[in-house]
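The values are calculated or read from the model by the stated rules, or taken from the named source; none is laboratory data. Quick caveat, the model's predicted, so the values are computed rather than measured. Glycine gets a Cβ as well: all are built from the backbone with ideal geometry, and neighbour counts include every protein chain shown. Ligands, DNA and RNA are excluded from the accessible area calculation, which covers all protein heavy atoms including side chains. Shrake-Rupley method; radii C 1.70, N 1.55, O 1.52, S 1.80 Å.
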Amino acid sequence: MKCRNKSEEKMMKQEKDILFSERFFKASEVRHHYNTSVADHSERTAAYAMRICSWLKRHSVRISEEDVVRACLLHDIGMTDEKVSGSVSFRKAYLHPKRSEQIAKNEFQANEVQCNAIRRHMWPICLIPPKFREGWVVMAADKCCSLWEITHKCRI
Ligand SMILES: [Fe+2]
Ligand SMILES: [Fe+2]
């Protein structure tokens, strides 16, 4: 777990259906950002996103943390699909959000907010931005987390 405090840990534990699924286990075996896995990156993204949510809440912004956390955990799950993971990196960047959304919907009953956040998390690489504020949080957390992983953890 990449949680910083008890409330983050509690939030994450509520998503057992994702964290203990076969699909998420598969994600722990798919390499991502040189030196980490899709599962680790997704958990870390969720932890970053929870901090952004806390900050927004302190500024009276209403936000569904559950939607944010679930979308973070599933945003790159499409990388577990061999057709996606086997393609060259620029193609993977375009393909994986759509496949992640399909898996989230079919296997984890993702709602509209979660689906949109997953589908649009690569903005501005994908041209259409997220529709809901939860999606903006997922997108920002993913960028921060990726930056950290590439610059700190994964020295090449
Ligand atoms: Fe992604
Ligand atoms: Fe990501």
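Probe of 1.4 angstrom, ligands and nucleic acids ignored: what's the accessible area per residue over the range 2-139, in square angstrom?
I get 54 Å² per residue for the range 2-139.
Placing a label point 7 Å from the Cα of Arg23 along the Cα-to-Cβ line, the residues of the range 91-116 whose backbone N sits under 19 Å from it are 93-116.
Computed over the range 6-153, relative contact order equals 24 percent, with contacts defined as Cα pairs under 8 Å that lie 6+ residues apart. Taking 0.36 nm per residue of separation and subtracting the current Cα-Cα distance, fully stretching the chain between Lys10 and Ser89 would add 25.0 nm.
Do the sum for the chain: with -39,500 (n - 2.57) for every DSSP H run of n ≥ 4, divided by all residues, what is the mean residue ellipticity at 222 nm, to the nearest 500 deg cm²/dmol? Please list the in-between numbers first.
On the way: 9 runs with 97 residues, N = 156.
One gets -18500 deg cm²/dmol as the mean residue ellipticity at 222 nm.
About its Cα centre, the dipole of the range 6-153 is roughly 400 debye, where the only charges are +1 on Lys and Arg Cβ and -1 on Asp and Glu Cβ. Coordinate range of the alpha-carbon atoms in the range 6-153 per principal axis, descending: 43, 35, 33 Å.
For the chain, give the percent of accessible area contributed by carbon and sulfur heavy atoms, probe 1.4 Å, rounded to a whole number.
54
Rounded to the nearest 20 debye, the dipole size of the range 7-80 about its Cα centre is 240 debye, using +1 on the Cβ of Lys and Arg and -1 on the Cβ of Asp and Glu. Just name one of Ala93, Ile128, Ala117: the one whose Cα is farthest towards the positive end of the charge dipole of the chain (beta-carbon charges, Lys/Arg +1, Asp/Glu -1). Value computed over the given set: Ile128.
Screening the chain for DSSP H helices whose Cα atoms reach 20 Å or more along their own axis and whose mean Kyte hydropathy is at least -0.5 gives 38-58, 133-148.
Classification of the range 21-85 by its C-alpha gyration tensor yields a prolate form. The axis ratio a/c (a ≥ b ≥ c) is 1.5 or more, and a/b outweighs b/c. The lysines whose alpha-carbon is closer than 25 Å to the alpha-carbon of Lys131, local same-chain residues fewer than 8 away aside, are Lys57, Lys92, Lys98, Lys105, Lys143.
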